[in-house]
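**Student:** My questions will all concern the structure given below.
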Amino acid sequence: MKKLLTLFAFVVLFSSCSEYQNALKSEDVAVKFDMATKMYEANKYGKAIRLFEQIAPAYKGKPSAEKMFYMYSQSLYKTNQFYLAGYQFENFASSYPRSEKMEEASFLGAKCFSKLSPVYSLDQIDTYKAVEKLQNFIDVYPESQYLTEANTIAKALREKLEMKAYENAKIYNTVSDYKASMVAFDNFIIEFPGTPYKEAALFYKLDSAYKLAINSVPSKMEERLNNAKAAYSSLIKHKADTKYKSEADEMLARIETDLKQFSK
């Protein structure tokens, strides 16, 4: 009995494979569509994609095109082909604006870009695109069932951009480009006013201003010392008991000592 069941399973598998191969070779788009649908419903997305790729160019305008392009987009998404999936979902949304799948396709199209977002240390072009597309989805569908997830993803992406901007500003300080560091930290604080890195940003701006001042030529030193003193005040105003207070106070003492020569 066990042998019969094994033989039966082999026959079914062989028949299924043969049917699929015949569909791949067939010139009949209806045959390909039916087999692609069968593969999709069986979660065999890779096989479904091969058939969808064959019939997609000829299927536009057909009654079943909406269903076909939705399954094609989903198949790409479920096989982690996020660049292609994002393109197909966006194309679906623009081609079928009245579809009941419109909202889902718009969300998944935006989500695909979030999947392309790299680690914060790399270029963040795809992250910016993802944030823009997610925000557009949130604006268009404020009552969407996907709203919570969209907001969660967008928040995580913004935090990544925030970390990237902070680290970029800090690099200028590390390589002793103090002018660029001060500008970068100013821009960072303006762009991310509620950032948890604000205390650190204010300290490193002070550090950059201080080091720029004490290493200046005499003609520029007074102005730069006063700028450093103002940076100290900004840090203390933000957080009087800052963890950087000891270092900051040492800088202030040197700043005030050096400023005395200009008051004579």
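The values are calculated or read from the model by the stated rules, or taken from the named source; none is laboratory data. Everything numeric in this text was worked out from a predicted model, so none of it was measured. All Cβ positions, glycine included, derive from the backbone under ideal geometry; neighbour counts span all protein chains shown. Surface accessibility is based on the protein's heavy atoms, side chains included, excluding ligands, DNA and RNA. Shrake-Rupley method; radii C 1.70, N 1.55, O 1.52, S 1.80 Å.
**Student:** Go through the stretch 63-115 and give me each residue that's acidic (D, E) and outside any helix (DSSP H, G or I).
**Tutor:** Initial filter on the stretch 63-115 (acidic (D, E)): 66, 90, 100, 103-104.
Listed by number, the list holds a single entry, E100.
**Student:** Among residues belonging to the stretch 150-197 that are in contact (Cβ under 8 Å) with a residue 12 or more places away in the chain and assigned to a loop (DSSP other than H, G, I, E, B), point out the one that is surrounded by the fewest Cβ atoms within 10 Å (Cβ to Cβ).
**Tutor:** Here the answer is S176.
**Student:** Assuming T127 fulfils every condition listed in (1) modelled with pLDDT under 95; (2) closer than 30 Å to L84 by Cβ; (3) assigned to a loop (DSSP other than H, G, I, E, B) apart from one, which condition is it?
**Tutor:** Going through the list (1) modelled with pLDDT under 95; (2) closer than 30 Å to L84 by Cβ; (3) assigned to a loop (DSSP other than H, G, I, E, B), T127 breaks only (3).
**Student:** In the list N227, N215, which residue meets the criterion of being modelled with pLDDT of 95 or more, open to solvent by 30 Å² or more (accessible area, probe 1.4 Å) and out of contact with any Leu (no Cβ under 7 Å at 6 or more places or on another chain)? Steps first, please.
**Tutor:** Working: N215 fails: modelled with pLDDT of 95 or more.
Sole residue among the options that is modelled with pLDDT of 95 or more, open to solvent by 30 Å² or more (accessible area, probe 1.4 Å) and out of contact with any Leu (no Cβ under 7 Å at 6 or more places or on another chain): N227.
**Student:** Kindly indicate which of M163, M182 is touching a Phe, Trp or Tyr at 6+ places or on another chain (Cβ under 7 Å) and within 30 Å of L212 (Cα to Cα). Quick ask: steps written out before the conclusion?
**Tutor:** Working: M182 fails: touching a Phe, Trp or Tyr at 6+ places or on another chain (Cβ under 7 Å).
Matching residue, one of M163, M182: M163.
**Student:** What's the total number of residues in the stretch 211-244 that are part of a loop (DSSP other than H, G, I, E, B), under 20 Å from P196 (Cβ atoms) and of a type outside the set (S, T, Y)? Reasoning before the result, please.
**Tutor:** Quick first cut of the stretch 211-244, residues part of a loop (DSSP other than H, G, I, E, B) only: 215-217, 239-244.
Now narrow it down to the ones that are under 20 Å from P196 (Cβ atoms): 239-244.
Applying the additional criterion that residues be of a type outside the set (S, T, Y) yields 239-241, 243.
Here the count works out to 4.
**Student:** Restricting attention to the stretch 18-34, report how many residues are open to solvent by less than 60 Å² (accessible area, probe 1.4 Å) and within 18 Å of F69 (Cβ to Cβ).
**Tutor:** Result for the stretch 18-34: 4.
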